[in-house]
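The next block holds one structure in the form of structure tokens; read it before the comments.
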Amino acid sequence: MKSVKTINNYIDELQDKSNISDGSHTFDELYHHRAILFAVICNTYKDRAWKSLKHDDGTMFDDYFVVGITTKQGEYSYHYHKNYWSYFNVAELDNAPEWDGHKPSDINRLLTLLEG
């Protein structure tokens, strides 16, 4: 059996990783699911959500935007391809708020939205 490190090295060498699968879903499917779920959250809490074509410093990755939401514990945001722009019916900012350093392990911040 190949080690996880070996498998990840093979994946890193691929030009197109979208069809890599965990046996149930491809990366593309999981990315789309995450976008839809985050759109539902942001559109439900419109007063706390925003989207922008630029980071706070005016930069952005080609063909991407950033969308985020303010929670009691700070911001949480994702970058999505511009194809998803219309899914997020939230305030459009000229520049995104300054990144507060949040990381994937801070995902539980979203649970504080349920506290009102």
| field | Rounded tilt (10° steps) of 4-13 against the dominant C-alpha axis of the chain | value | 80 degrees
| message | Please report the net charge: other residues with Cβ closer than 15 Å to the Cβ of Ala35, K and R +1, D and E -1. | response | 0
| query | Under a plain spin-label model, where a point goes 7 Å from the Cα along Cα-to-Cβ, how far apart in nm are Trp85 and Tyr64? | reply | 1.7 nm
| field | Rounded, prolate or oblate (a/c below 1.5 giving rounded, otherwise prolate when a/b exceeds b/c) for segment 26-115 by Cα gyration tensor | value | rounded
| request: State the Cα centre-to-centre distance between segment 1-72 and segment 83-109 in whole Å. | output: 11 Å
| query | Given the chain, what count of lysine pairs have C-alpha atoms under 26 Å apart, with each pair 8 or more places apart or on different chains? | reply | 18
| query | 222 nm [θ] for the chain, helices only, -39500 (n - 2.57) per DSSP H run of 4+, per residue, to 500? | reply | -8000 deg cm²/dmol
| message | Place a point 7 Å from Cα of Thr44 in the direction of its Cβ. Which residues in segment 53-80 have their backbone N less than 19 Å from it? | response | 67-78
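Here, each number is a calculation from the coordinates, and none is a lab measurement. Note that the coordinates shown come from a computational prediction; the quantities given were computed from them, not determined experimentally. Glycine also receives a Cβ, built like all others from the backbone with ideal geometry; neighbour counts cover every protein chain displayed.
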